[in-house]
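Here is the structure we will look at.
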């Protein structure tokens, strides 16, 4: 998957596999494309027939990116319980989940986590009201976000706001995995992004709401359904 500091534009453009826009975004770093060539020989050995059918001639890094982007377009996970709720089925959420959604809106989480993907369509600084807690592993290099690409000082610690779909099944959290649980992530986000200290009850309600964003993949639920209150 693309790092959060890459400016990948959506929706993806049209083309033979409908992905030129994502390929264009990756050309920001041509040296990264060249690195794909070291992987091409094993790939052609594993899938010679399929690759020559889809990509006549010599396989190139652009072909590899085309295949990866086409695969990523298949990762659609609709029909979460929250989707059913939005389709006028209020019974799809429990009372505590509906309360969590109300808090999510009232406290301002929706200012960044909005749209059909509940996020993923803007950049934001990580640590607005106060600095985010340091990662647990100080030996790891610090990720300065978009600054690494732009070298513009105001882009330090600015990252793409992630989509919250399937967030309950994608721990650990944040760009460096510093939050091991959803509860920890919600507590940190409220403090550093909203300037709020949540009560345990509010944290619990928001976490329960976030569980409702887990969808289905190829008709099968991705959720380990939490107990409803």
Inset, instruction - Could you grab the pairs with beta carbons closer than 9 Å, sequence gap of 6+ or different chains, first residue in segment 68-91 and closer than 30 Å to residue 55 by Cβ, second one loosely packed, with under 10 Cβ neighbours inside 10 Å? - result: 72/1; 74/218
Legend entry - Search result, residues across segment 157-175 that are outside any strand (DSSP E or B) and surrounded by 17 or more Cβ atoms within 10 Å (Cβ to Cβ): 157, 161, 162, 163, 164, 165, 166, 167, 168, 174
Inset, instruction - Give the number of residues within segment 182-229 that are modelled with pLDDT of 90 or more, within 11 Å of residue 100 (Cβ to Cβ) and surrounded by fewer than 15 Cβ atoms within 10 Å (Cβ to Cβ). - result: 1
Legend entry - Selection count where residues are in a loop (DSSP other than H, G, I, E, B) and either in contact with a helix residue (DSSP H, G or I) (Cβ under 7 Å, 6 or more places away or on another chain) or within 18 Å of residue 160 (Cα to Cα) (or both), scope segment 122-138: 9
Inset, instruction - Can you work out which of the residues in segment 141-156 that are closer than 21 Å to residue 180 by Cα and part of a loop (DSSP other than H, G, I, E, B) is modelled with the highest pLDDT? - result: 144
Inset, instruction - Within segment 46-57, identify whether any single residue is surrounded by 14 or more Cβ atoms within 10 Å (Cβ to Cβ) and in a helix (DSSP H, G or I), and answer yes or no. - result: yes
Inset, instruction - Would you tally the residues in segment 93-107 being exposed (fewer than 15 other Cβ atoms within 10 Å of the Cβ) and under 16 Å from residue 194 (Cβ atoms)? - result: 3
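The values are calculated or read from the model by the stated rules, or taken from the named source; none is laboratory data. From a predicted model like this one, the values you see are computed outputs, not experimental measurements. In this analysis, Cβ positions are derived from the backbone assuming ideal geometry, glycine residues included, and neighbour counts consider all displayed protein chains.
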